[in-house]
Every structure is written in structure tokens, then in C-alpha cells.
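To start, the structure itself, in C-alpha cells.
The values are calculated or read from the model by the stated rules, or taken from the named source; none is laboratory data. All values derive from a computational prediction rather than experimental measurement. We place every Cβ from the backbone using ideal geometry, glycine too, and count neighbours over all the protein chains shown.
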């Protein structure tokens with residue numbers, strides 16, 4: 001899965017090479033259409049493009065940043081709001097009630113993001129320093145998830161300052177993390 005800023009820009013924003021083998025990617029039809037739930041219950045229909053590597057022959061889904069997270073029915077803004085609420089000390093049941101989502105779903109988002117917190121932080125700081133090498137790292141927050149979200153906020157702010165507002169902040173965050181706000185990516189044979 002490769003996260004892109006928009007469905008229309010999927011092919012234009014193809015990475016120069018396959019994330020797995022560095023082979024050349026080419027357009028390869030569409031993945032299945034699906035609905036993504038946003039805040040307030042509105043739904044967005046997403047039909048991502050696919051790309052196929054000429055080297056390893058793997059197919060990659062070009063997931064638009066509005067969905068931002070593979071195998072999730074909720075928009076990245078909803079997941080991001082839940083993660084921010086968790087960092088502020090709220091429990092998963094209270095967050096779930098506020099977002100009108102099942103408690104088990106919200107707990108899964110939090111567990112997954114906490115599992116990936118160090119990778120999210122490292123990826124975000126790498127992007128932030130590529131955009132602005134003079135940036136100072138954000139101060140520690142006291143939790144791995146808090147540190148990851150602070151680094152992600154720093155990277156998003158740096159990207160907006162440098163490039164302008166290309167998309168909503170959480171959509172940029174999904175692009176920066178490459179979908180790490182969601183579950184562990186599946187690999188062949190799993």
C-alpha cells in the first residue's frame with residue numbers, strides 16, 4: 001500500500017520505484033471501491049488506483065490520504081481525533097462514545113498506533129528534517145504515542161510552511177507515515 005494525497009493524483013504521485021524491490025511501477029487498474037466514514041457520519045466513496053512493479057510483479061494499492069489507513073472503514077481524521085484524545089488522557093470508551101464508534105474499534109486504533117509509535121516518530125522527524133533541516137525536535141511528552149504525534153505535528157507544520165496547504169493536516173500525516181497510523185501491513189503469506 002502506498003498513500004497518495006488524492007485519488008486523481010495517484011498515478012502522478014507514483015513513487016519512482018517499488019517499496020519492496022526498487023523496480024519500476026506502472027498503473028494497474030483499480031482496487032475495490034469502499035466507503036470511508038468521516039466525522040459526523042458522512043461517508044466518502046473511495047476507489048483507489050493500483051500500480052504493479054515490473055521487477056517483483058507485486059501489486060500496490062495507491063490509497064488516497066482521505067482514507068489514509070489500510071483496512072480501516074474510518075477516515076484518517078476520525079482516527080487522528082481518537083489518538084489525540086488518548087494522548088490527552090481520555091479512555092477508549094469515552095473516545096468511542098464521542099466519535100460514535102465501537103469501543104473495540106477505538107481500542108484497536110490506539111493499540112496499533114502505540115505499537116507503531118517509534119516508527120511513526122522516526123518517519124515524521126525524518127520528513128520534518130528533510131523539509132526544514134533547522135527544525136528542533138519536539139520536546140518529550142511522557143508517552144511514546146504523545147511523542148509520535150508531536151513529531152507528526154512538527155512534520156505536518158513544516159510541510160505546510162514549505163509547500164503550502166496541499167491537503168488537510170491528517171491527510172498529510174497519513175502520507176508522511178505511509179499509513180502507519182493503522183494496522184501492521186500484511187506481507188505475502190500472512
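Here are some notes:
- Matching residues in the stretch 39-53 - criterion: being within 18 Å of the chain's Cα centre (by Cα) and within 17 Å of residue 96 (Cα to Cα): 39
- The condition (being at pLDDT 85 or above and either touching a strand residue (DSSP E or B) at 6+ places or on another chain (Cβ under 8 Å) or more than 30 Å from residue 56 (Cβ to Cβ) (or both)) is satisfied by just one residue among 115, 141, 175, 126: 141.
- Residue in the stretch 54-73 that is free of Cβ contacts under 8 Å to residues at least 12 places away in the same chain and over 28 Å from residue 151 (Cα atoms) present: yes
- Applying the condition of being at pLDDT below 85 and in a strand (DSSP E or B) to the stretch 1-26 and asking which residue is nearest to residue 97 (Cα to Cα) yields 3.
- Residue match in the stretch 37-47 (condition: crowded, with 20+ Cβ neighbours inside 10 Å and within 30 Å of residue 161 (Cβ to Cβ)): no
- Note on the stretch 64-80: residues that are surrounded by fewer than 19 Cβ atoms within 10 Å (Cβ to Cβ) and modelled with pLDDT of 90 or more amount to 0.
- Residues in the stretch 46-60 that are assigned to a strand (DSSP E or B) and modelled with pLDDT of 80 or more: 49, 50, 51, 52, 53, 59, 60.
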